[in-house]
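Where a number appears in this text, it was derived from the coordinates with a stated rule and is not lab data. Since we're looking at a predicted model, the values are computed, not measured. Glycine gets a Cβ as well: all are built from the backbone with ideal geometry, and neighbour counts include every protein chain shown.
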Amino acid sequence: MNKETKAPVFAWEDAAPSLKEAFAGKLKIGAAVNTRHLSGDTPECRTIKKQFSVLTLENESKPEPVQPQEGRFVFGPLDRFAAFGEENGIRLRGHTLVWHSQCPAWFFDGADRDLLLKRMRDHIGTVVSRYRGKIAVWDVVNEALKDSGGMRESPWYKIIGEDYIAEAFRAAREADPGARLILNDYNLESSDAKVGTMAAVAEKLLRDGVPLDGIGFQMHLGPDTDLGKLRENVRKITALRSLRPDFQIEVTELDLSSYRWGDLAEDIKWTEERERRFRETYAALFRFYLDLAEEGVLDSVVFWGLSDGVSWLNGFPRRHRNYPLLIGRDLRLKPAFFEVAGIGTGD
Ligand code: G3I
């Protein structure tokens, strides 16, 4: 792998290295995408086919677009996603079934526990069974915990009670007994309170026989990420394998923001020092991921976005230019990309 290349290399080029090939047999590497990039001989579509062995839809499979009104399901984008996965031999992740955000208000209108459970089971049953055998992994419940630890007091929690999580997983298992079912959340790698609650919630679900197959670590990281803490917190979840030996984690939404959360400073300048730290952080992360893969704890790492140019982080916390991914604007490969690919191939 030529790390010294000066001329830009683009992610879609035949001569470019491929992340999915670099990690083949060790880890599946993925990205969150939008269906507008899943067709045509475009640089984006070629990049997706060349680079990734697992895909998530960034927005189009959330409850709001999928069931905007009760009983009116919109399956066009998900059907295209399923067909694309099948045609290209790519593992698909369904994101997400039960969430407090991007969920239409009608779910909760006039609902008591029984009615909301019925609506939740109808949504899960209809969507998951339609893609049985096609969507291999579901983020069944997303972001169920509060930032300070404890359960998030979402309408799901307030109207149904804590067991909405167990009921959602049971409904998903019934609809597709073969799918891997994930409970997904953010800041687990940085917050002791949050990872502590997650470990306790997951332990109870497992002891109760709920079909929970793993925990999704979103891993929206920033320049202040403490890698020691990240490793420690991952271990607090992988320790649950003593209860269920095939219990896994997934890295579901990886990115490395150029800004600390809430930082309202002017747009940063991309200096060599930033580049070095960015490269080192990604390299350390992927070395850790490979260790976890060797132990059989992790088999999938998904970046949240195709390239810096389309990352959600360009919009948060305000319209900063952000540089969070290994593939830059114009689909250029960054030095960190080559470093990470080299870790995959052992170069
Ligand atoms: O589709 C509408 C468009 O019609 C409208 O003109 C435009 C005006 O703002 O909004 C568009 O919707 C936006 C949507 O993304 C699609 O682009 C929403 O405003 C915007 O809020 C939405 O943001 C998404 C966010 O989830 C919503 O919470 C991001 O793209 C998406 O990356 C982000 O993903 C989440 C994961 O699902 C869960 N974990 C955190 C992660 C990052 O926030």
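Using +1 at the C-beta of Lys and Arg and -1 at the C-beta of Asp and Glu, which of His37, Gly344, Val66 has the Cα lying farthest in the positive direction of the dipole of the chain? It is His37, whose Cα lies furthest towards the positive end.
Using a simple charge model, +1 on the beta-carbon of Lys and Arg, -1 on the beta-carbon of Asp and Glu, nothing else, what dipole does the chain show about its Cα centre, in debye to the nearest 20?
Values: 49 positive and 54 negative charges, 41 e Å.
Roughly 200 debye for the chain.
With respect to the chain, whose longest principal axis is taken over its alpha-carbon atoms, helix 164-175 is tilted by about 80°.
Rounded to the nearest 10 degrees, the inclination of helix 335-345 to the longest alpha-carbon principal axis of the chain is 70 degrees. The label point for Ala193 and the one for Phe316, both projected 7 Å from the Cα toward the Cβ, are 1.9 nm apart.
Classify region 16-56: rounded, prolate or oblate, from the alpha-carbon gyration tensor (a ≥ b ≥ c, eigenvalue square roots; a/c under 1.5 rounded; otherwise prolate if a/b is larger than b/c)?
oblate
Our estimate of slack between Phe288 and Arg231, defined as 0.36 nm per intervening residue step minus the Cα-Cα distance, is 19.7 nm.
Could you tell me which of the pairs Lys229/Lys334; Lys28/Lys204; Lys62/Lys204; Lys28/Lys158; Lys62/Lys158; Lys50/Lys118 are separated by over 32 angstrom between their Cα atoms in the structure shown? Violating the 32 Å Cα-Cα cut-off are Lys28/Lys158; Lys50/Lys118. Name the shape class, rounded, prolate or oblate, that the alpha-carbon gyration tensor gives for region 141-262, where a ≥ b ≥ c are the square roots of its eigenvalues, rounded holds for a/c under 1.5, and otherwise prolate holds if a/b is larger than b/c and oblate otherwise. Cα axes put region 141-262 in the prolate bin. According to the calculation over all Cα-Cα pairs in region 19-345, the P(r) per 10 Å bin from zero is 6, 27, 36, 25, 7, 0 %. Taking the Cβ-Cβ separation of Asp208 and Arg130 as r and a Förster radius of 45 Å, what is the calculated FRET efficiency to the nearest 0.05? That pair, Asp208 with Arg130, gives E of 0.95.
Among Tyr186, Tyr259, the order by Cβ neighbours within 10 angstrom, fewest to most, reads Tyr186, Tyr259. Residues Asp224, Asp299, ranked from the fewest to the most other C-beta atoms within 10 Å, line up as Asp224, Asp299.
Sorting Trp312, Trp138, Trp99 by the number of Cβ atoms found within 10 Å of their own Cβ, with the fewest placed first, yields Trp312, Trp99, Trp138. Each listed q (0.25 Å⁻¹) maps to a log10 I(q)/I(0) for region 96-145 from the Debye sum over equal C-alpha point scatterers, namely -1.05.
Between the C-alpha center of region 108-170 and that of region 32-81 there is a gap of 21 Å. By how many degrees, between 0 and 90 and to the nearest 10, does the Cα long axis of helix 272-294 differ from the longest principal axis of the chain? Computed tilt is about 50 degrees.
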